[in-house]
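The values are calculated or read from the model by the stated rules, or taken from the named source; none is laboratory data. The model shown is predicted, which means the values in this text are computed figures rather than measured ones. Quick reminder, even Gly has a Cβ in these numbers, built from the backbone with ideal geometry, and neighbours come from all protein chains shown. The accessibility values were calculated without ligands, DNA or RNA, using every heavy atom of the protein model including side chains. Shrake-Rupley method; radii C 1.70, N 1.55, O 1.52, S 1.80 Å.
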Amino acid sequence: MTLADDLAASATAIETFLDGYLADMPESPLLGTPERLLAAMRHGSLAGGKRLRPFLLRTVAGLFGLDPAAAVRAGAALEMVHCYSLIHDDLPDMDNDTLRRGRPTVWAAYDPATAILAGDALLTEAFRLLADPETHPDAGIRLQLVQSLSNAAGPIGMVGGQMLDIEGEGEAMALEDVYAMQQMKTGALIGAAMEMGAILAGAGAGEVNRMTLCAFHAGLAFQIADDILDATASTQVLGKTAGKDQAQEKSTVVALKGLDGARALLDAAIADALGALADHGPEADRLREVIGYFASRPA
Ligand code: IPE
Ligand code: IPE
Ligand code: MG
Ligand code: MG
Ligand code: MG
């Protein structure tokens with residue numbers, strides 16, 4: 001299967017699961033959710049998005065022998081957290097964006113209060129989903145999944161990174177501080193994707209750690225690529241407003257080192273991520289391919 005076909009199959013599985021989960025139906029765990037809240041949750045999480053984090057999770061789980069179908073629930077939980085992070089990132093008091101995935105942002109389509117609550121709800125549901133025995137029969141594995149995702153999403157991960165991002169607006173940050181911020185705001189959830197895949201598949205602690213190291217570099221690469229795209233791609237291709245980083249004086253690698261400098265650092269981060277997989281053979285080729293795609297993706 002080509003990478004594109006594999007990505008599409010994974011994205012469809014995640015979309016189908018989320019569509020069924022986020023439903024006010026008798027069999028859905030969300031039965032009874034206020035209609036407006038559920039609609040905003042659906043707006044922010046369905047129809048769009050590359051679904052790269054669940055794909056990474058499933059690819060790593062596959063590397064350790066897990067069937068892709070067994071990785072859907074954990075992948076969907078991770079994607080819920082990612083979607084919540086985007087809903088809040090777009091809020092007027094954060095990046096103040098009106099376009100996301102080619103559509104109005106949740107706050108623009110509804111209102112900021114509803115967007116805050118939709119994000120809160122997706123975040124909370126992600127952990128309910130992970131804790132459900134259907135996600136994995138072993139409670140110890142489920143606990144490790146919860147620990148991995150909560151470490152990555154919270155103040156020592158994504159939320160902490162978002163604080164540094166906001167504080168860094170208009171500031172002259174050192175490259176190492178920009179790196180630390182990128183690794184927290186974006187690298188942490190990329191890291192959780194790979195870590196959770198390994199945990200779900202029952203990989204040993206050494207293998208989980210190797211995935212975490214790989215993800216450290218891959219996550220950084222992902223955000224450098226996002227910053228390069230913000231400066232070079234069109235709003236139409238991105239599905240979100242281009243050129244926002246410069247307009248908001250964000251501290252990015254592009255702002256600090258220019259486009260050529262950022263591309264060189266992106267290549268270096270990809271090389272470091274691939275280097276962490278040196279002990280793996282061809283069975284890790286799909287993982288290598290998707291990490292390479294981080295640098296070459298069009299949006
Ligand atoms: C965008 O993430 C936000 C960042 C962390 C850079 P993605 O580029 O994965 O966004 P979607 O999910 O495909 O829309
Ligand atoms: C967002 O980074 C990272 C998150 C944790 C959501 P950006 O602010 O650069 O993401 P986009 O460009 O709006 O997708
Ligand atoms: Mg932001
Ligand atoms: Mg943003
Ligand atoms: Mg961006």
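A few points about this structure:
- For the pair residue 93 and residue 283, the difference between a 0.36 nm per residue extended length and the Cα-Cα distance amounts to 63.9 nm.
- Amide H to amide H distances under 5 Å link residue 99 with 105, 241, where only residues 5 or more positions off or on other chains count and H is placed in the peptide plane.
- Computed extension gain for residue 134 through residue 267, at 0.36 nm per residue and net of the alpha carbon distance, reaches 43.9 nm.
- Relative contact order of segment 126-190, taken over Cα pairs closer than 8 Å and 6 or more residues apart, is 32 percent.
- Exposure check, 1.4 Å probe, all protein chains in place: residue 210 carries approximately 70 Å² of accessible surface.
- For segment 204-294: span of alpha carbons on each principal axis (Å, largest first): 45, 25, 22
- Only Cα pairs under 8 Å and 6+ residues apart enter the sum, and on that basis the relative contact order of the chain stands at 18 percent.
- For q = 0.09, 0.13, 0.14 Å⁻¹, Debye-computed log10 I/I(0) when each Cα of the chain counts as one equal scatterer: -0.41, -0.89, -1.04
- Comparing Cα centroids, segment 28-57 and segment 217-257 end up 25 angstrom apart.
- Mean Cβ neighbour count within 10 Å, used as a protection proxy, ranking 126-133, 152-159 highest first: 152-159, 126-133
- In a fully extended conformation the segment linking residue 120 and residue 67 would gain 16.0 nm over its present Cα-Cα distance, using 0.36 nm per residue.
- Pairs of Cα atoms in segment 193-257 fall into 5 Å distance bins, from 0 up to the last occupied one, in shares of 4, 17, 19, 14, 11, 11, 11, 9, 4, 0 percent.
- Springs between Cα atoms under 10 Å define the GNM used for the chain, and in it the highest mean-square fluctuation of 49, 32, 20 occurs at 32.
- Evaluated at q = 0.13, 0.23 Å⁻¹, a Debye calculation over the C-alpha positions of segment 1-123 (equal weights, vacuum) places log10 I(q)/I(0) at -0.53, -1.26.
- For segment 184-233, the relative contact order comes to 49 percent (Cα pairs under 8 Å, sequence separation of at least 6).
- The HN-Hα couplings worked out from phi for segment 218-226 by the Karplus form 6.51 cos²θ - 1.76 cosθ + 1.60 (θ = phi - 60°) are 5, x, 4, 4, 4, 6, 4, 4, 4 Hz, whole numbers, x standing for Gly and Pro.
- Put 167, 289, 79, 35 in order of accessible area, highest first, and with a 1.4 Å probe you get 35, 167, 289, 79.
- Residues 260, 285 ordered from highest to lowest accessible area at a 1.4 Å probe: 260, 285.
- Once the 1.4 Å probe is applied to the protein heavy atoms, segment 1-51 comes out at 50 Å² accessible per residue.
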